[in-house]
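Please treat every number below as a calculation from the coordinates, not as lab data. Model, not experiment: these values are computed from the prediction. Heads up, the Cβs are rebuilt from the backbone with ideal geometry, glycines too, and the neighbour counts pull from every protein chain shown.
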Amino acid sequence: MSGRVLAYPYEDRNKYHTGDVVAAGPEGKVIKMSRRQIKNYPDRIVGVVSEIPDYETWGTGNVNVDGRIWIKVK
């Protein structure tokens, strides 16, 4: 599977930046990985943050962003 998905961040979304590597976190959310975690557990990488939206809805279907962030799936 590849592409981009809107995902709920485990931590405050303002702590995430474009290019951050994320893994699966508690409650089905994504969590930012440290450099050490990336090196030691590359199999846990879900994807990379591609955008932190500043809009409320997305697309022609008006999908509610609801505090989510864009992840480019690995």
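So here's what we get for this one:
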read-out	value
Length released on extending from ILE52 to LYS74, taking residue separation times 0.36 nm less the Cα-Cα span	6.2 nm
Cβ-based net charge around ARG4, under 15 Å, with every Lys or Arg adding one and every Asp or Glu removing one	+1
Distance (nanometres) between label positions extended 7 Å along Cα→Cβ at ILE38 and HIS17	1.1 nm
